[in-house]
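Below you'll find the structure, written out as structure tokens, and then a few comments.
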DNA sequence: AGTAATACTCTCCTTTGGGTTAGTAGCGCA
DNA sequence: TGCGCTACTAACCCAAAGGAGAGTATTACT
């Protein structure tokens, strides 16, 4: 089923595929999501940065903001000094994990079969 | 299980996810694949161009070459004048359709759930 | 007084993806 | 004779994605 109409409508932007890829298609989007589901434990900014090395501050901030806006991660600020911010997966974010797993699985099964 | 090790290995490039996205992540990659599976009929270059409007020559050629190198589409040249080239899905290309369908389905189910 | 720690923000630079336009070869048709 | 059809290729350009490095506020510790 999925998308066939897009071919005559010429609007890939409105497609479910485009929506999904926009959410997880960035360079570190999926890595971030996977890191957050590792232990079902919220992670702090610098902990994430260490896990996602060699990500830059800019990219980590961008990535987290976009994931938060998309409703995939939850951001909790603890008003203390030095600052503390924890990130965790929302249920929507968790619902994406199986989809990403399938993409990974297909890729793993086929990435060494040619080339 | 998919990919968890990538986090400590810091090499997203070797991940199945990255491999899959590289194949279908371009602007017209998935559209092209879907177009080719429409009727299980091979399509000629200009027919594809019409279907994928407003794609440019450059992008269509790029897309088809990359899909061919990836083993997802089959390219058959008929040595005649004017030239005739037909493109069709390989079985590997067809095996990707269900994965793309899932990505589309998730996207369609969730793209209107938050503003 | 100076340094470390946290979670950022800001600016500048390079790389990549994609767009636009023009050109190629050989034949049929007017 | 010259235009159109086919399936391209090559050149140049722009915008967005991503990378590198410095700067910010507040407090505790030495």
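Some points to look at:
- Between identical copies, the spacing of residue A:27 label points, each set 7 Å from Cα toward the C-beta atom, reads 2.0 nm from nearest to farthest.
- Taking 18 Å as the cut-off, the amide N atoms of the range A:77-93 that come nearer than this to a point 7 Å along the Cα-to-beta-carbon line of residue A:50 belong to A:82-88.
- Between identical copies, the spacing of residue B:54 label points, each set 7 Å from Cα toward the C-beta atom, reads 3.9 nm from nearest to farthest.
- Mean projected area (nm²) of the alpha-carbon convex hull when the range A:28-110 is viewed from all directions: 5.9 nm²
- Anisotropy class of the protein assembly as shown from Cα gyration tensor, a/c 1.5 cut: prolate
- From helices alone, chain A scores -16000 deg cm²/dmol at 222 nm; the rule is -39500 (n - 2.57) for each run of n ≥ 4 DSSP H residues, then divide by the residue total.
- Distance between the range B:73-114 and the range A:29-95 - C-alpha centres, whole angstrom: 34 Å
- With each label modelled as a point 7 angstrom along the Cα→C-beta vector, the residue A:101-residue B:66 pair spans 2.9 nm.
- Remark: label point of residue A:71 defined 7 Å out from Cα along the Cα-Cβ vector; separations to the same position in other copies 4.0 nm, ascending.
Bear in mind that the values in this text are calculations on the coordinates, not laboratory data. Everything quoted here is computed from the prediction, not taken from an experiment. Reconstructed Cβ throughout: ideal geometry from the backbone, glycine too, with neighbour counts over all protein chains shown.
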